[in-house]
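Reading through the structure tokens given below for one structure.
The values are calculated or read from the model by the stated rules, or taken from the named source; none is laboratory data. Keep in mind that this is a model prediction, so the values were computed, not measured. All Cβ positions, glycine included, derive from the backbone under ideal geometry; neighbour counts span all protein chains shown. Surface areas here come from the heavy atoms of the whole protein model, side chains and all, with no ligands, DNA or RNA. Shrake-Rupley method; radii C 1.70, N 1.55, O 1.52, S 1.80 Å.
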Amino acid sequence: QVQLVESGGGLVQAGGSLRLSCAASGRGFSVAAMGWFRQASGKEREFVAAISWNGVTTYYADSVKGRFTISRDNAKNAVYLQMNSLKPEDTAVYYCAAAQSTRAVKAVRIDYWGQGTQVTVSS
């Protein structure tokens with residue numbers, strides 16, 4: 001059982017940066033692949049980024065590639081999403097997720113979800 005709690009969301013102007021954090025508790029975090037998803041108002045939840053259990057492999061949605069960076073610190077049971085050059089279309093609730101593998105993350109075969117944190121980018 002893994003519990004996930006996101007933080008770091010907020011209001012930022014276009015072109016600005018935010019760093020989201022996801023704190024994990026419970027057994028299994030260090031062997032779980034992790035991911036970030038987002039859901040804008042009126043839209044379906046979409047994949048943003050994934051990272052393997054050891055942090056070696058990462059994947060990004062085309063829409064965020066080059067602007068967002070996913071990382072993790074297994075010693076702190078945490079995963080992060082550094083978001084730079086933010087755009088109004090990045091506005092959404094961002095969710096942290098844990099899964100068996102990065103392939104599972106990208107296929108949205110998620111074992112555990114966080115409650116989400118709101119990111120709002122003003123133009």
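At a glance:
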read-out: Cα-based Lys pair tally, the chain, threshold under 22 Å, eight or more apart or on separate chains; value: 5
read-out: Percent accessible area from carbon and sulfur atoms, the chain, protein chains only, probe 1.4 Å; value: 47
read-out: Whole-Å semi-axes of segment 1-46's equivalent ellipsoid (Cα gyration tensor); value: 25, 15, 9
read-out: From phi via Karplus (6.51, -1.76, 1.60), per-residue ³J(HN,Hα) for segment 64-72 in Hz, x at Gly/Pro; value: 10, 4, x, 10, 10, 9, 9, 8, 8
read-out: Derived scalar couplings ³J(HN,Hα) [segment 87-98; Karplus, 6.51 cos²θ - 1.76 cosθ + 1.60; whole Hz; x for Gly, Pro]; value: 10, x, 6, 7, 4, 4, 8, 9, 10, 8, 9, 10
read-out: Kirkwood Rh (inverse of mean 1/r, distinct Cα pairs), the chain, angstrom; value: 14.0
read-out: Equivalent-ellipsoid semi-axes of segment 48-101, from the Cα gyration tensor, Å, largest first; value: 21, 12, 11
read-out: Tail fraction, Cα-Cα pairs, segment 83-123, threshold 15 Å, whole percent; value: 52
read-out: Test item: Cα-centred dipole of the chain, Lys/Arg +1 and Asp/Glu -1 on Cβ, debye; value: 180
read-out: Unit charges at the beta carbon, dipole of segment 76-123: most positive-side option, Tyr95, Ala78, Gln115; value: Ala78
read-out: Solvent exposure of the chain as accessible area per residue, Å², 1.4 Å probe; value: 51
